[in-house]
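K.L.:
Have a look at this one.
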Amino acid sequence: MLQYLSIRNVAVIESVEIEFEDGLNILTGETGAGKSIVIDSVNLALGERADKNMIRTGTDKAVVQGVFDLSKSPVSKALLKGYFDIDDNELVVIRELSANGRNVCKINGNVATLMQLKSITSSLVDIHGQHEHQSLLDEANHIKVVDGFSGEELASLKNLYRQKFHEYIKTKEEIESMQLNELERQRQIEMYQFQIREIDEAKLQTDEDNILKEQRQLLISSEDIKRCIDNAHFALSGSEEGASISMLVQVAYDNLAALAEIDKTHAPLASRLEELIIELDDISDEVRILERDFDFDLNDLEEIENRLMLLKRLSKKYGSDVNEIIVYRKEIGERLLLLDEHEIILDELERREKSLYDQCLNIAVQMSEIRKSASMQLRLRILEQLADLGMENSEFETQFVSSTDENGEYILGKKGIDNVRFLISTNLGEDVKPLRGVVSGGELSRIMLVLKSITAQIDDIDTLIFDEIDTGISGEMARVVGEKLAVIASGRQVICVTHSAQIAALSDNHLFISKKVEDNKTKTLITKLDIDQRYKEISRLVGGTTMSYLSDEHAKQIIHYSNEFKQKYRS
């Protein structure tokens, strides 16, 4: 619901603030005072494109701020949460238009795009009249009206259809992903077979590349290794010309052992040397084995280098190392298996697709029958109310169109097999045409009013704006239009710009738009009328520029009747 609208420097409006309420909000006023500018400003708050010519002469910036209550607008609230912070169900929109062309859009204090703004506000406000923010002129919305009028039976079938249709589409996508042409399939099979053969012939082992690199490093260092082993063996074992470490330690031990027999206090020292002799003998044996067993062949190094070159070549094709190549081999093996089983799997999916198509079609046909039955009832309701509005020669139809493929099979959509649009003729003898083909603005507004009065409890748009819906009507017909607006306003917010006393008299919140000239500039004022001011304004609307006792009395009668109607209808 639109709670508050602030307009600064838009056309003739210098600065106004408007507080809208629940129920029927009426805007009346002098010609040229700026009633249409208020509607233009609402459009700006909804994300419509702006024109810098809207900026008030002599100023460099125009600003429109709108505050919306989202407590009854779950769709917009959910969209807002997807983009911006929300607090207390409130949406605050600011549009700034600059003469230099730099325009700003803000949502709850955050800079936003017009696309974001329009997506959030699309289900908040519907404007009927001179502007294009009209959901019922969008033929995609016509099926929503019929569905809402079709009751719970259709709603239950739609839920079942959505589930089956989702499975159907998912299966179709799987089929499409598998439907490679045979040449491409064979190419992939041959490629995978070659890759598997090449990898398998290499007989890879886990971590083989790292192990080979370590072995290569050992072979490269083999001469150094041999030299170290020989020197160690020489030091430990000695030679004919020189004594070994073990022999020298043995001599030291013999002397210390003899010393210990003379003076037992030296026994621990001899014991430690004895342990060292044992350890040296052990080390000596191991070094002797190393010297005996150590052997290297430069041919082994060549084989390792060749093997590493092979692994490097494979890694450039199939993975950064041997382990990745092994994983890739497993993956392409599975892909090859899938390609080999392609026809079997595809046949199974196609059978499933056919079964799901038949299930969806069966449900869609039932849905279509319910819609067509409901559309007949809707037609009677619409023609009845159009007659009340002086359009008794009108004809209204709901056109159902289903699409088929080249084989004559129904093409399923998200909503079934039906494409729905409303057709109307407003004059006797004329063919019915799409709603956009209805030329008269007054007729279009009344048609929209009828549809809204019937579907008011169906859609979830919380605010309806009717801009000069009374065009071309007066007297009793204006009273009927006003009553329909009041009925709609009992369940949601309605804002109506009007010149009709009969419509204005039914207001729950009456706003008067006036203008004054100050410093050679026209300024617009907006005043919320109290009871006495309402009587005067209704009298002005009844009598035009000439106000008299008769117009005052007529105004009182109209207001009295209007109050009785609202009390009776809303009690």
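K.L.:
Output the number of the condition that Ile454 fails; it satisfies all remaining conditions of (1) in contact with a Cys (Cβ under 9 Å, 6 or more places away or on another chain); (2) among the aliphatic types (A, V, I, L, M); (3) outside the structural domain of Pro74 (by TED's automatic domain parsing).
P.N.:
The single condition Ile454 does not satisfy is (1).
K.L.:
Where the second residue is acidic (Asp, Glu) and surrounded by 13 or more Cβ atoms within 10 Å (Cβ to Cβ) and the first is closer than 19 Å to Leu301 by Cα and lies in the stretch 198-217, which pairs have Cβ atoms under 6 Å and are six or more apart or on separate chains?
P.N.:
Short answer, once both residue conditions are applied: Asp209/Asp321.
K.L.:
Next question, about the same structure. Would you say Leu154 is at pLDDT 85 or above, in the same structural domain as Gly58 (by TED's automatic domain parsing) and crowded, with 19+ Cβ neighbours inside 10 Å?
P.N.:
Numbers: at pLDDT 85 or above: yes; in the same structural domain as Gly58 (by TED's automatic domain parsing): no; crowded, with 19+ Cβ neighbours inside 10 Å: yes.
So Leu154 does not fit the description; no.
K.L.:
Among (1) exposed (fewer than 14 other Cβ atoms within 10 Å of the Cβ); (2) at pLDDT below 90, there is one condition Gln377 misses while meeting the rest; what is its number?
P.N.:
The single condition Gln377 does not satisfy is (2).
K.L.:
More than 19 Å from Ile526 (Cβ to Cβ) and in contact with a helix residue (DSSP H, G or I) (Cβ under 8 Å, 6 or more places away or on another chain): which single residue out of Leu27, Leu91, Leu114, Leu5 fits that description?
P.N.:
Sole residue among the options that is more than 19 Å from Ile526 (Cβ to Cβ) and in contact with a helix residue (DSSP H, G or I) (Cβ under 8 Å, 6 or more places away or on another chain): Leu91.
K.L.:
Taking Thr545 and the conditions (1) at pLDDT 80 or above; (2) of a type outside the set (Gly, Ala, Ser); (3) within 19 Å of Ala33 (Cα to Cα); (4) more than 45 Å from the chain's Cα centre (by Cα), which numbered condition does it fall short on, given that it satisfies the others?
P.N.:
(1)
K.L.:
I'm trying to understand the selection: among the residues of the stretch 108-150, which are part of a loop (DSSP other than H, G, I, E, B), more than 18 Å from Gln493 (Cα to Cα) and modelled with pLDDT under 85?
P.N.:
Gln130, His131, Glu132, Asp138
K.L.:
Somewhere in the stretch 14-30, is a residue surrounded by 18 or more Cβ atoms within 10 Å (Cβ to Cβ), of a type in the set (Gly, Ala, Ser), in contact (Cβ under 8 Å) with a residue 12 or more places away in the chain and at positive phi?
P.N.:
There is at least one residue in the stretch 14-30 that is surrounded by 18 or more Cβ atoms within 10 Å (Cβ to Cβ), of a type in the set (Gly, Ala, Ser), in contact (Cβ under 8 Å) with a residue 12 or more places away in the chain and at positive phi.
K.L.:
Can I ask one more? Inside the stretch 506-530, can you point out the residues that are modelled with pLDDT of 90 or more and over 44 Å from the mean Cα position of the chain (by Cα)?
P.N.:
The one that is modelled with pLDDT of 90 or more and over 44 Å from the mean Cα position of the chain (by Cα): Asp530.
K.L.:
Within the stretch 335-374, count every residue that is in a helix (DSSP H, G or I), at pLDDT below 90 and either within 30 Å of Glu152 (Cβ to Cβ) or charged (D, E, K, R) (or both).
P.N.:
Within the stretch 335-374, residues that are in a helix (DSSP H, G or I), at pLDDT below 90 and either within 30 Å of Glu152 (Cβ to Cβ) or charged (D, E, K, R) (or both) number 4.
K.L.:
Would you confirm whether any residue within the stretch 543-552 is among the β-branched types (Val, Ile, Thr) and under 27 Å from Leu2 (Cβ atoms)? Spell out the reasoning first.
P.N.:
If we filter the stretch 543-552 for residues that are among the β-branched types (Val, Ile, Thr), which is where we start, we get 545-546.
Now narrow it down to the ones that are under 27 Å from Leu2 (Cβ atoms): none.
The answer is no, given that none of the residues of the stretch 543-552 is among the β-branched types (Val, Ile, Thr) and under 27 Å from Leu2 (Cβ atoms).
K.L.:
Inside the stretch 188-215, can you point out the residues that are of a type in the set (Val, Ile, Thr) and either in a helix (DSSP H, G or I) or more than 16 Å from Val322 (Cβ to Cβ) (or both)?
P.N.:
Answer for the stretch 188-215, where residues must be of a type in the set (Val, Ile, Thr) and either in a helix (DSSP H, G or I) or more than 16 Å from Val322 (Cβ to Cβ) (or both): Ile189, Ile196, Ile199, Ile211.
K.L.:
Among the listed residues Ser41, Ser6, Ser76, which satisfies the condition of being surrounded by 21 or more Cβ atoms within 10 Å (Cβ to Cβ), polar (S, T, N, Q), modelled with pLDDT of 85 or more and within 33 Å of the chain's Cα centre (by Cα)? Let's see the steps before the verdict.
P.N.:
Values: Ser6 fails: surrounded by 21 or more Cβ atoms within 10 Å (Cβ to Cβ); Ser76 fails: modelled with pLDDT of 85 or more.
Testing whether each residue is surrounded by 21 or more Cβ atoms within 10 Å (Cβ to Cβ), polar (S, T, N, Q), modelled with pLDDT of 85 or more and within 33 Å of the chain's Cα centre (by Cα) leaves just Ser41.
K.L.:
Also: Going through Ser246, Ser271 one at a time, which residue ends up being part of a helix (DSSP H, G or I), of a type in the set (Gly, Ala, Ser) and out of contact with any Gly (no Cβ under 8 Å at 6 or more places or on another chain)?
P.N.:
Ser271
K.L.:
In the stretch 104-118, how many are β-branched (Val, Ile, Thr) and touching a Leu at 6+ places or on another chain (Cβ under 7 Å)?
P.N.:
1
K.L.:
Name the single residue, out of those in the stretch 46-78 being in a helix (DSSP H, G or I) and touching a Leu at 6+ places or on another chain (Cβ under 7 Å), that is farthest from Ile495 (Cα to Cα).
P.N.:
Across the stretch 46-78, the extreme among qualifying residues is Lys52.
K.L.:
Going by what's in this entry, would Thr471 be described as modelled with pLDDT under 90, closer than 21 Å to Gly390 by Cβ and among the polar types (S, T, N, Q)?
P.N.:
Yes: the conditions hold for Thr471.
K.L.:
Also, I was wondering about something else. Looking only at the stretch 400-415, which residues are surrounded by 15 or more Cβ atoms within 10 Å (Cβ to Cβ), closer than 27 Å to Val450 by Cα and out of contact with any Asp or Glu (no Cβ under 7 Å at 6 or more places or on another chain)?
P.N.:
Lys415
The values are calculated or read from the model by the stated rules, or taken from the named source; none is laboratory data. Since we're looking at a predicted model, the values are computed, not measured. Virtual Cβ from ideal backbone geometry, glycine too; neighbours counted across all protein chains shown.
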